[in-house]
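Report on the structure given below.
Bear in mind that the values in this text are calculations on the coordinates, not laboratory data. All values reported here derive from a predicted model rather than from experimental measurement. Because the Cβ atoms are built from the backbone with ideal geometry, glycine has one as well, and the counts that use them run over all protein chains shown.
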Amino acid sequence: MSGAIERQLHIIDFTVSSLLRRKGKNGALLTVYTLIVFILASVMFFTHAVKREAALVLRESPEIIVQRTLTGRYQPIPISYVESIGEIRGVISARPRLWGYYYDANFLANYTLVVPADQQPEAGTIDIGSGISRVREAFRGDTIGFTGHDGKPFAFVVNRVLEEESRLLTADLILMREADYRAFSGIPPGYATDLVLKVRNPREYTTIAEKIVKLHPDTRPIVRDEILRTYDALFGWRSGLVIVIFGAAVLAFVIFAWDKATGLSSEEKKEIGILKAVGWETSDVLLMKFWEGLAVSLTAFLAGVILGYCHVFFTSAALFAPVIKGWSTLYPDFRLVPFIDLADLVTLFFFTVVPYTVTTIVPSWRAATIDPDSVMR
Amino acid sequence: MAPRNSALYLGGTAGLLALLAGLLTGSGLAVADARDELSRNARLVRELELTDLCIFTEAAYTRHPAVTDLATAFQDAPASFEHFPSGALVGPPAHLTGNHVGSH
């Protein structure tokens, strides 16, 4: 047993020396390899954490939302719809919801205005998200000015800044009293942005949605299941973020594999020839090449995954920030809860470590089975 | 005596493995710690009737993809292409690609 271990250790000794002899080439290879794994792992950690967090917090989102559309666009919905929709069997309650957007031309930022169902702020006061507080340097007691729909100035006193821990939901929110919102946004009395429904039995979502459309053909119901599936789709494999990065990584691996599979350098062939000439078996050469492939790919995998983890969860995915930010001025400085999917990690391992190790062994096997004399010539 | 190359390699790999194991264990603990925070955020979603995470604030349809209409992201003019960077980053929301109730 100890003899077998000692043999492996000697082969690893030789493999590491061999890698160190071509320090520059192998160092560059390891760096690029680690970078590819780092980017893949970062995307994997980021998208999984966002999807899990969305699934956990949005499970409390409205059960059914009813919008009104005209020529494919949202329109304010008449509050009178509440009565007829509320009478549909299975609907516990229906209530109008008021919310909308405001573009702050001074700070070039978009805000989301929301009128809470309960505990609305006092007249003339607002609650603001931590992102708005940061961008506008506004805190409790400060006055913020906005321009209303009719061009008139509105001033609101900040009642409170919403908790930092909810920034992934509320960074751009402004909570406002209903009367203030109607005066500010111009949405007429008798209309709301959309309707929110509570339903007795989740299995009836689709049936109720169909009944709503039958009753009011100009409406579009959105059920909670669709909301919950949204973030899976948004950050799924079809998303631009994942496709572009994974596509680039696959191409990089194809280049690696191509380089390895199309043959060894003359120096490597000479090395194999000498080893065979001094008595190494073909199996010893293959073992050495296995350790060589594993040394590079496993080190790159471990280093890349560790760096990816630190990037996403310790620096709030700082390298992705410019991409995700786009043209947004208001960007939530979110720290994601480190949800890890071990199955994803195992998949990444098999896609990064195994192919490289295999493509390292195959051409060496060809070289190792040829007569040493002809390989060295 | 200088350490053997195999000892250096195996030691380094073991160190990296231990670091990764530590991070994964730490992530489990962090998730457990965040349970209360996530519950509070879920309660906030219920109270404010929220539908989306605040990730992309540049366009309405990427700020609230869960309730975006069926004409996005080509809504600004006939034949106008998607032009917000975040719109190109994310995949289409479920209700835009699957079967949905209504024709709007």
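The table below gives the values:
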item: Dipole of the protein assembly as shown, positive end: most advanced residue of A:2, A:221, A:85 [Cβ charges, Cα centre]; result: A:2
item: In degrees, nearest ten, helix A:2-21 long axis to first principal axis of chain A (Cα); result: 80 degrees
item: Hydrodynamic radius by Kirkwood, which averages 1/r over all alpha carbon pairs of the stretch A:63-224, in angstrom; result: 17.0 Å
item: Packing-based order for B:27-35, A:60-68, A:317-325, using average beta carbon neighbours within 10 Å, highest first; result: A:60-68, A:317-325, B:27-35
item: Computed E for residue B:32/residue A:319 - FRET, C-beta separation, R0 30 angstrom, nearest 0.05; result: 0.60
item: Cβ-based exposure ranking for A:149, B:64, in which fewest neighbours within 10 Å come first; result: A:149, B:64
item: Proximal lysines to residue A:214, defined as alpha-carbon separation beneath 26 angstrom and excluding residues fewer than eight positions away on the same chain; result: A:198
item: Cα-based helix-to-principal-axis angle, A:23-57 vs chain A, degrees rounded to 10; result: 30 degrees
item: Options A:253, A:113, A:347, ranked by Cα towards positive dipole end of chain A, top entry (Cβ charges); result: A:253
item: Gap separating the Cα centres of the stretch A:1-61 and the stretch A:274-298, nearest whole Å; result: 21 Å
item: Neighbour-count order for A:289, A:270, A:25, fewest beta carbons within 10 angstrom listed first; result: A:25, A:270, A:289
item: Degrees, to the nearest 10: A:282-309 long Cα axis against longest axis of chain A; result: 20 degrees
item: Residue order, fewest to most surrounding Cβ atoms within 10 angstrom, among A:214, A:51; result: A:214, A:51
item: Percent of Cα pairs exceeding the 33 Å cut-off, where the set is chain A; result: 52 percent
item: Above-threshold pairs, the threshold being 28 Å between Cα atoms, out of A:51/A:260; A:25/A:289; A:23/A:270; result: A:51/A:260
item: Under 5 Å, built H, 5+ apart or other chain: amide partners of residue A:191; result: A:79
item: Per-residue mean of C-beta atoms belonging to partner chains within 10 Å, peptide A:321-327; result: 5
item: Residue-by-residue Karplus 3J(HN,Hα) for the stretch B:4-11, coefficients 6.51, -1.76, 1.60, Hz, glycine and proline x; result: 5, 4, 5, 5, 5, 5, 5, x
